[in-house]
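Before any comments, here is the structure.
The values are calculated or read from the model by the stated rules, or taken from the named source; none is laboratory data. On a predicted model such as this, the values are computed, not experimentally measured, just so you know. Positions of Cβ are backbone-derived with ideal geometry, glycine not excepted, and every protein chain shown enters the neighbour counts. In case anyone asks, the SASA skips ligands and DNA or RNA and just uses the protein heavy atoms, side chains included. Shrake-Rupley method; radii C 1.70, N 1.55, O 1.52, S 1.80 Å.
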Amino acid sequence: MSESRADFHRQHQAQAIQEAERLLARRDELQGGWLGWVAGELYRLKPAPYAAMVRRELQRLSQG
């Protein structure tokens, strides 16, 4: 039986937040190149649901 979406989210939430914080921490350093770098980093994350979690956390942290 495969794990549910909620289970996956619970298991990976803290890691997704840490990854988003790591990506965001490089924004000032990379400046204009940051968006391209982040896109590449997100593309490499697997599985896709985890990458989506990191993307959402990055968006949340950027706005707040």
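Among the residues of the stretch 25-51, those that are open to solvent by 80 Å² or more (accessible area, probe 1.4 Å) and among the acidic types (Asp, Glu) comprise Asp28, Glu29. In the stretch 4-28, the residues that are within 12 Å of Arg56 (Cα to Cα) reach residues that are of a type in the set (D, E, K, R) and open to solvent by less than 80 Å² (accessible area, probe 1.4 Å) with C-beta atoms within less than 7 angstrom, at least six apart or across chains, in these pairs: Ala16/Glu57; Ile17/Glu57; Ala20/Glu57.
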